[in-house]
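Below is one structure, written out as structure tokens; comments come after it.
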Amino acid sequence: EIRKEPFMQPEMAWIQNITGWNVPFVHYSILFGMPRILVLDKDIVKQVLMAPYGKQPLRFKRSNKFLENVIGRGLLTLEAEDWMRHRQIIQPAFLANSLKEALSTTVPQLTHRLIGCWKQSEEREIDVSSHLSALTLDIIGQVAFSFDFKGMNNVERWAQRKGESTSDVDGAFVQAIRRPFRQSV
């Protein structure tokens, strides 16, 4: 069920009923007395999340050690000047005009390859879901990361084999994700 109340409204009402205070945040402690603040005001949340990193001294420290241990040091885990530098490096890749331009060349090219494979199928059953997954994977890979996951190669191999089932295309996404982790032989 999707809540229809404004941001944090039920929580604020609950806190006001218990304490009698109408406050924008709540201070509490977790395990081993580590202090935490629960922000209840959407304007304060916006100010924290939109703090201008790198242009002013760091005002809001974010604790990302666990996430950093899982995914490494990157845009999600960096702070201050390091975050600003990384953000400026990747920002041009995600501008609307850049994406439109990349999509306008990549999508027709890969879609044409897919249709060509389907024309070669000689009325065999086509697993549309796995083929579209392979197409989507390659589009995202090329447009967002300039990387060819080779999902469409699986579809092309399927099209060249006559009379075989669609199962060899299944899992194009999983095959592409595993590819970087395979050992070279």
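The values are calculated or read from the model by the stated rules, or taken from the named source; none is laboratory data. It should be emphasised that the depicted structure is a prediction, and the values quoted were computed from it without experimental measurement. All Cβ positions, even for glycine, are placed from backbone atoms using ideal geometry, and neighbour counts span all protein chains on display. Protein only, heavy atoms only, side chains kept; ligands, DNA and RNA dropped before computing areas. Shrake-Rupley method; radii C 1.70, N 1.55, O 1.52, S 1.80 Å.
Can you give me the solvent accessible area of Glu122 with a 1.4 Å probe, rounded to the nearest 10 Å²?
Its accessible surface works out to 130 Å², give or take rounding.
Starting from the amide H of Phe25, placed 1.01 Å from N in the peptide plane, find each other amide H under 5 Å away whose residue is 5 or more places distant or on another chain.
For Phe25, whose amide H was placed from the backbone, the distant partners under 5 Å are Leu40.
Run the quick spin-label model on Val70 and Leu49: label points 7 Å from Cα toward the beta carbon, then report their separation in nm to one decimal.
1.8 nm
Roll a 1.4 Å probe over the protein heavy atoms and report the accessible area of His86 in Å², nearest 10.
Surface accessible to solvent at His86 totals approximately 60 Å².
Run the simple label-point estimate for Glu79 and Lys162 please: 7 Å along Cα→C-beta, distance reported in nm.
The two pseudo-label positions are separated by 6.6 nm.
What is the calculated FRET efficiency for Asp41 to Ile89, with r their C-beta to C-beta distance and R₀ = 25 Å, to the nearest 0.05?
0.15
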